[in-house]
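Participant: Here it is, the structure, as structure tokens.
No value in this document is a laboratory result; all are computed from the given coordinates. Because the structure is predicted, anything quoted here is derived from the model rather than measured. Cβ placement follows ideal geometry from the backbone for every residue including glycine, while neighbour counts extend to all protein chains displayed.
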Amino acid sequence: MSTNPVTITVPEGGPFIEIVREFDAPVDAVYRAHATPELVKKWLGPNGYEMEIEYYDVRTGGRYRYTHRNGEGEEFVFNGVFHTARPNELIIQTFEYEDFPDAVSIETLRFEELPNGRTRLVGHSVYPNQEARDGMAASGMEQGVREGYERLDEILGS
């Protein structure tokens, strides 16, 4: 298991969140794990949740919609549009939790090549207002990100 920490920055007074994580795998593998529905299903979200993907088309102009289901059967549905997808470099997408349809964020994921076949992933999410950003920060997002990236480490190591 990786010991690479996740750095989550939620600045006071700004409607954005930044997430930085390094992976002991090359950029193409980390990008592929973000762009391949079968792989995304294995790692995205908190431990113990099942994921059902309705569609997931990582390309400029593509779309996605998926459902996370917890152990109690509660469903959490997310959707968005991939505005830009440049393999091994960049994904820009919208992100919407369907229970809060007016709080769509714009997310940028940058895949940076590091020495020794490693990758730094930098995510920057901008929310429509401070309230939406604060709601996301308080939602348990941090735990889901950490647990998901730990599972992604396992996928990248296999």
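Participant: Just checking, which of Leu121, Leu109 is assigned to a strand (DSSP E or B), closer than 15 Å to Leu156 by Cβ, of a type in the set (A, V, I, L, M) and touching a His at 6+ places or on another chain (Cβ under 9 Å)? Spell out the reasoning first.
Facilitator: Details: Leu109 fails: closer than 15 Å to Leu156 by Cβ.
From the options Leu121, Leu109, the qualifying one is Leu121.
Participant: Determine which member of the set Val58, Val40 is among the hydrophobic types (A, V, I, L, M, F, W, C), part of a helix (DSSP H, G or I), without any contact (Cβ under 8 Å) to a residue 40 or more places away in the chain and buried (at least 17 other Cβ atoms within 10 Å of the Cβ). I'd like the intermediate steps shown before the answer.
Facilitator: Working: Val58 fails: part of a helix (DSSP H, G or I).
Answer to the check: Val40.
Participant: Does Val145 qualify as being assigned to a helix (DSSP H, G or I), buried (at least 17 other Cβ atoms within 10 Å of the Cβ) and not acidic (Asp, Glu)?
Facilitator: When the stated conditions are applied, Val145 passes them.
Participant: Then there is this: Pick out the one residue from Pro46, Pro11, Pro5 that is touching a residue at least 24 places away in the same chain (Cβ under 8 Å) and either farther than 15 Å from Ile155 by Cα or surrounded by fewer than 17 Cβ atoms within 10 Å (Cβ to Cβ) (or both). Spell out how you get there, then give the answer.
Facilitator: Values: Pro11 fails: touching a residue at least 24 places away in the same chain (Cβ under 8 Å); Pro5 fails: touching a residue at least 24 places away in the same chain (Cβ under 8 Å).
From the options Pro46, Pro11, Pro5, the qualifying one is Pro46.
Participant: For segment 96-121, which residues satisfy the criterion of being surrounded by fewer than 16 Cβ atoms within 10 Å (Cβ to Cβ) and either within 13 Å of the chain's Cα centre (by Cα) or without any contact (Cβ under 8 Å) to a residue 24 or more places away in the chain (or both)?
Facilitator: Scanning segment 96-121 gives Glu98, Asp99, Pro101, Arg110, Pro115, Asn116.
Participant: I've got another one for you. Taking into account only those residues within segment 69-99 that are of a type in the set (S, T, N, Q) and in a strand (DSSP E or B), which is nearest to Glu54 (Cα to Cα)?
Facilitator: The first filter runs over segment 69-99 and keeps only residues of a type in the set (S, T, N, Q), leaving 70, 79, 84, 88, 93-94.
Those left that are additionally in a strand (DSSP E or B): 79, 84, 93-94.
Details: Asn79: 10, Thr84: 20, Gln93: 17, Thr94: 16 Å.
Applying the filter and picking the extreme gives Asn79.
Participant: Filter segment 43-69 down to the residues that are among the hydrophobic types (A, V, I, L, M, F, W, C) and more than 16 Å from Arg86 (Cα to Cα) and list them by number.
Facilitator: Trp43, Leu44, Met51, Ile53 - these are the residues of segment 43-69 that are among the hydrophobic types (A, V, I, L, M, F, W, C) and more than 16 Å from Arg86 (Cα to Cα).
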